[in-house]
Amino acid sequence: MDNQKTLREQFTGSLPLMSPFFWLILLILAGVWSSFFTIPAESERIVLRFGKYIKKVPSGLHAKLPFGIDNVIAVSTRRQQKLEFGFTTPGSSNPDQAGTEPVKEKSMVTGDLNSALVEWIVQYRITKTKNSVSGNTLLGLVFQL
């Protein structure tokens, strides 16, 4: 019986999960893993440190501070984007591209009080990434207000 106790105590005492060194290594690996990010060719990213704008980074491999200190937000700067009013394009990739009520959006009244159904598009390209993200507002929702 004593031999079983000592074997059990020796076995549980030598588990690597109980060692502070194991947790330190795990924490370091998680920090290194969350410190690197890649950016695809058609976009740029904005780095926010505690919610404040730090810098704009181009495509490629980059490093940031781990554990949520630095957040990275994608901004498509190298492609033309559009917002549609009065109609929707099926299969569009931008969730803000189409309005919520296309029938009401295309109903307009002219200057001589005639009714007209107008379908129109706003095309834009983001040039100043710092101005395109202010807090958590999305550029597409600003156009629709």
> Which length gain, in nm to one decimal place, applies between residue 117 and residue 59 when the Cα-Cα distance is subtracted from 0.36 nm times their residue separation?
Replying inline: 16.7 nm
>> Take the residue pairs 104/128; 64/130; 52/104; 56/82; 82/130 and return only those whose Cα atoms are more than 27 Å apart.
In response: 104/128; 52/104
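Computed from the coordinates by the stated procedures, all read-outs in this text should not be read as laboratory data. Just so we're clear, the structure is a prediction, and the values are computed from it rather than from any experiment.
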